[in-house]
Each structure stands twice: as C-alpha cells, then as structure tokens.
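First comes the structure, then the notes that go with it.
The values are calculated or read from the model by the stated rules, or taken from the named source; none is laboratory data. Everything numeric in this text was worked out from a predicted model, so none of it was measured. Don't worry about glycine lacking a Cβ; one is built from the backbone with ideal geometry, like all the others, and counts go over all protein chains shown.
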C-alpha cells in the first residue's frame, strides 16, 4: 500500500472510508458500492451452489461437490442442535445467511489500494468500498430481515392473538388480577427491550468487527508508507493481521448464522 504524496495519513484513511453515493445526502442516499458488491457476491455465491447442485452425482463426488456437501452437512447439524421445531425452512435460511455473510465479509481480503486504482482507471470512480458488512446499513438490513422473519414465525405458530397475549403476559404473567395493571406495563417494557436489543446486537456485532478490521488494514497501509522502517513493519504486521483476519471473517459469518437460527427458534417457543 502507498499513500499519495499529497495525502496525509488521515486523508488517506478517510478517502478509503468514503462510499460511492447517489442521492441528496439525506435519508434516501444510496451507497451504490454496497449494493453492487452485495448483489454480485450473492450471484456468485448462490450461482456456484446452484451449479454444484446441477452437476451433483450420486457416485463418487468431485472435490467441489464434496466441499459443498461438507458445508451443507455442517450447517444442517448446527441447525439440528439449536432448532427443534417443525419448520423445514430454518436450515435453508441458515445456509443462505451464512454463505452470503461469509462472502460479503471476504471482500475485506481485497487489497484496498489495488482495487482503488482499478476502479479509478477502469470505471473513473474515486471512492469505492469493497466490504458491504463494514457498512452499518447492510448489517442492519440483514438483522432486520431476521427480525421480521422471527415475528412472522411467532405469529404463524402462536397466532396473532397468542403473540399479542405473550407481549403483555411474559415474563411476569398477569396474576393475581389486582396486580395486572402493574404487571402488563412491566411485561411490555421487558418485551420491548428484548425486541429492540436483538436486531441491534445482531447487526452491530458484525459491523463493528468488520469495520475495525478495515480500519486496521488502512492503518497498516499508512504505516507502510511512512518510511523504510515503517514499510518493513507494516508489511510484517499486515501479513499477520491478514492471517488472523481470515479467522474473523469466517467466525463472524458463523456467529451471525447461529444467532439467526437462535432468534428464529426463540420466536417459535412458548413462555
């Protein structure tokens, strides 16, 4: 990585943390880079899996098919350990979520300066961020999708009346009747905290880890451009951080997938 001579370290980092946006700068501003990378990553990931299913055989599997089958079996076993309900879509949801988040996280492995030069020279774009999960809009969208699914399954299995009754009766109940006027607001308050905290923690955990990883890569790049000693130290530290970041990318995708299954399982349980 190199820092342009006319840029300070802070300007260099700020440049790489600027989204390619379209809009008026308000609520309806769109981060084009986030949307494009997410769509492309999704098409590549699930296109590859679709291709593997089309070419799958019942005999001796190829190396690619064996890899896909191992991943599917691993996710299926994880779902069986967590979810005991009747819905058969939980494993496919976990598979979709896990692989998509893994692919989006893996975009952080792309060298930012090389990619920045590519976008500038080929597409004449000065700002482009490669990692959608380092954008809080992406992680909130994923978490809110899981949140909406959990409410859908809660209503499906408990009925609208049962779900609403649970909101005012759990966790303290409504008996004795003379205490209901105090217990119902307390139940609603606890339920509100639970419903708000789930998408918040679900999204911010993933965003925080990926954003921090992106910042560290940029800081090491700025260090490498500072001097000859900085270049050597930055290269060594960059290598070790890249190796460690492989674990972070995979682990965060796994945690997001497991929490998705846990939240959907909790939504179908009765207090």
Exercise. Scan the stretch 121-135 residue by residue and report those that are surrounded by fewer than 16 Cβ atoms within 10 Å (Cβ to Cβ) and not in a loop (DSSP other than H, G, I, E, B).
Key: 121, 122, 123
Exercise. Restrict the check to the stretch 48-57 and report whether at least one residue is outside any helix (DSSP H, G or I) and more than 24 Å from the chain's Cα centre (by Cα).
Key: yes
Exercise. Please state which one of 248, 215 is closer than 18 Å to residue 101 by Cα and in contact (Cβ under 8 Å) with a residue 24 or more places away in the chain.
Key: 248
Quiz prompt | Extreme residue, nearest to residue 97 (Cα to Cα), among residues of the stretch 163-194 that are within 31 Å of the chain's Cα centre (by Cα) and in contact (Cβ under 8 Å) with a residue 24 or more places away in the chain | solution = 191
Quiz prompt | Of residues in the stretch 2-30 being modelled with pLDDT of 85 or more and over 24 Å from the mean Cα position of the chain (by Cα), the one farthest from residue 123 (Cα to Cα) | solution = 10
Self-check item: Checklist (1) assigned to a helix (DSSP H, G or I); (2) closer than 28 Å to residue 12 by Cβ; (3) out of contact with any helix residue (DSSP H, G or I) (no Cβ under 7 Å at 6 or more places or on another chain) applied to residue 238, failing item
Solution: (3)
Quiz item: Within the stretch 80-89, is there a residue that is outside any loop (DSSP other than H, G, I, E, B), out of contact with any strand residue (DSSP E or B) (no Cβ under 6 Å at 6 or more places or on another chain) and surrounded by 13 or more Cβ atoms within 10 Å (Cβ to Cβ)?
Solution: yes
Quiz item: How many residues are assigned to a helix (DSSP H, G or I), closer than 26 Å to residue 257 by Cβ and more than 15 Å from the chain's Cα centre (by Cα) if we restrict to the stretch 100-120?
Solution: 1
Exercise. Could you tell me whether residue 226 is exposed (fewer than 15 other Cβ atoms within 10 Å of the Cβ) and not in a helix (DSSP H, G or I)?
Key: yes
